[in-house]
1. Assigned to a helix (DSSP H, G or I), among the aliphatic types (A, V, I, L, M) and either at negative phi or surrounded by 16 or more Cβ atoms within 10 Å (Cβ to Cβ) (or both), is that true of ALA359?
2. Among VAL48, VAL23, VAL78, VAL59, which is the only one that is more than 16 Å from the chain's Cα centre (by Cα), at pLDDT 95 or above and outside any loop (DSSP other than H, G, I, E, B)?
3. Given the condition modelled with pLDDT of 95 or more, closer than 30 Å to GLN259 by Cβ, surrounded by 16 or more Cβ atoms within 10 Å (Cβ to Cβ) and among the aromatic types (Phe, Trp, Tyr), answer yes or no: does some residue in the range 315-327 qualify?
4. Is it the case that GLY189 is within 18 Å of the chain's Cα centre (by Cα), surrounded by fewer than 18 Cβ atoms within 10 Å (Cβ to Cβ) and within 13 Å of the ligand (Cβ to nearest atom)?
5. Can you pull out every residue in the range 26-45 that is of a type in the set (A, V, I, L, M) and either in a loop (DSSP other than H, G, I, E, B) or buried (at least 21 other Cβ atoms within 10 Å of the Cβ) (or both)?
6. Is there a residue in the range 276-292 that is over 27 Å from the mean Cα position of the chain (by Cα) and either within 15 Å of GLY133 (Cβ to Cβ) or in contact (Cβ under 8 Å) with a residue 40 or more places away in the chain (or both)?
7. Filter the strands (runs of 3 or more DSSP E) completely within the range 83-197 down to those with at least 1 residues that are touching a residue at least 60 places away in the same chain (Cβ under 8 Å) and within 22 Å of ALA51 (Cα to Cα).
8. So SER306 ticks every box in (1) in contact (Cβ under 8 Å) with a residue 40 or more places away in the chain; (2) assigned to a helix (DSSP H, G or I) but one. Which box is left unticked?
Amino acid sequence: MSWRIPLFDLDYGPEEEQAVLDVLRSRWLTMGEVTQRFEQAFAESCGVKHAVAVSNGTVALHLACLGAGIGPGDEVIVPALTFVATAACIRYVGATPVFADVVSENDLTISPASVEALITPRTRAIILMHYGGYPCDMAAFQALAARHHLILIEDAAHAPGAEWMGARAGSWGQVAAFSFFSNKNLATGEGGMLTTDDDSIAAQLRRLRSHGMTTLTWDRHRGHAWSYDVTDLGYNYRPSEMLSALGLVQLARLDANNQHRRVLTALYHELLAELAPQVGVPFAGHAGNSACHIMPVLLPANADRSAFMESMKARGIQTSIHYPPIPEFTAYRETSGGLDGLPVTRAVASREVTLPLYAHMTQADVREVARSISEILRAR
Ligand SMILES: Cc1ncc(COP(=O)(O)O)c(C=O)c1O
């Protein structure tokens, strides 16, 4: 299907093509010097000591859990309203995800009050997902973590470049995971990154991403080592040099692209208040500087969401849903208890629709989407 206004789109130019060509011509395709440069630049951009590049955001979350020392018997609290990988990583390490509610219809990030009510003697950590690029209430979570001796892990897949009190997403938790999937603000197709200020966690993450080996093919290629030991049960979670080359170029575009997303988001807020006031537009007045990854709205309670999305499709406008709540999935329903005790998630999840938002979207596109919403809802 070719959309007139897609949900997301890449912002790629000749620089991305050149960067990949340069890697191909260098004849070194797997994790090497370009990946090292990407890691350094990413760490600097987040204001952290270490960034560790991996092959996607899901494995970044898996390694984040291992780096934080989470294992069998532990409970980890996560929002119910997130992508399934935020919870799956907890199960990968034999621990149990416990699902918390989101704050309100205006704030779809995980609720500190809901988390606090779920803490048990087995609770080890909280995974904070900065929904839509909007920072979670970091002041509340840092205080709560200190009070209960819990580890904070960030799922910052939506939030590269987001800021709160002068610090960036990826620098708030003990360890943070980013995704560079095609629809993300920094997109390399697949790809991911871990950030941390902790030297020993960083060293562990580096070992685990490459089979637990003490030296790498790149070290041996450069003549720095002949052999290796294996000190951990590790994985092959390495990125390719092509991914890292794309990442370096995309990182250079990130701040300007995020700023444009903020301008478009403000325009959506303004137009929807005027043309479709019955639509809820979360995150009005949210603290911090969002990366504005997605543009969620809440349809009126009596609206038919599927029919609405079909009508937008008929106009060539792509929409989506973020997210079907994890506790309602077949693989989670029985153990999680569904949405009982999660009233806000229950109230918003069936009404949420995500509108198009991407770096080269125009203000005219936003006007067309807002006008279409108004016309479709009025026709019902
Ligand atoms: C919130 C969130 N967490 C984790 C992931 C997983 O990232 P990836 O698709 O790179 O494995 C995604 C991406 O799709 C995401 O949106």
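1. Considered against the rule, which asks whether it is assigned to a helix (DSSP H, G or I), among the aliphatic types (A, V, I, L, M) and either at negative phi or surrounded by 16 or more Cβ atoms within 10 Å (Cβ to Cβ) (or both), ALA359 comes out as no.
2. Answer to the selection: VAL23.
3. Yes, the conditions are met somewhere in the range 315-327.
4. For GLY189, the condition - within 18 Å of the chain's Cα centre (by Cα), surrounded by fewer than 18 Cβ atoms within 10 Å (Cβ to Cβ) and within 13 Å of the ligand (Cβ to nearest atom) - is met.
5. LEU29, MET31, VAL34, ALA43
6. Yes; the residues of the range 276-292 include at least one that is over 27 Å from the mean Cα position of the chain (by Cα) and either within 15 Å of GLY133 (Cβ to Cβ) or in contact (Cβ under 8 Å) with a residue 40 or more places away in the chain (or both).
7. Those strands (runs of 3 or more DSSP E) span 123-129, 151-155, 175-179, 192-196.
8. (1)
The values are calculated or read from the model by the stated rules, or taken from the named source; none is laboratory data. Just so it is clear, the model here is predicted, and its values are computed rather than measured. Heads up, the Cβs are rebuilt from the backbone with ideal geometry, glycines too, and the neighbour counts pull from every protein chain shown.
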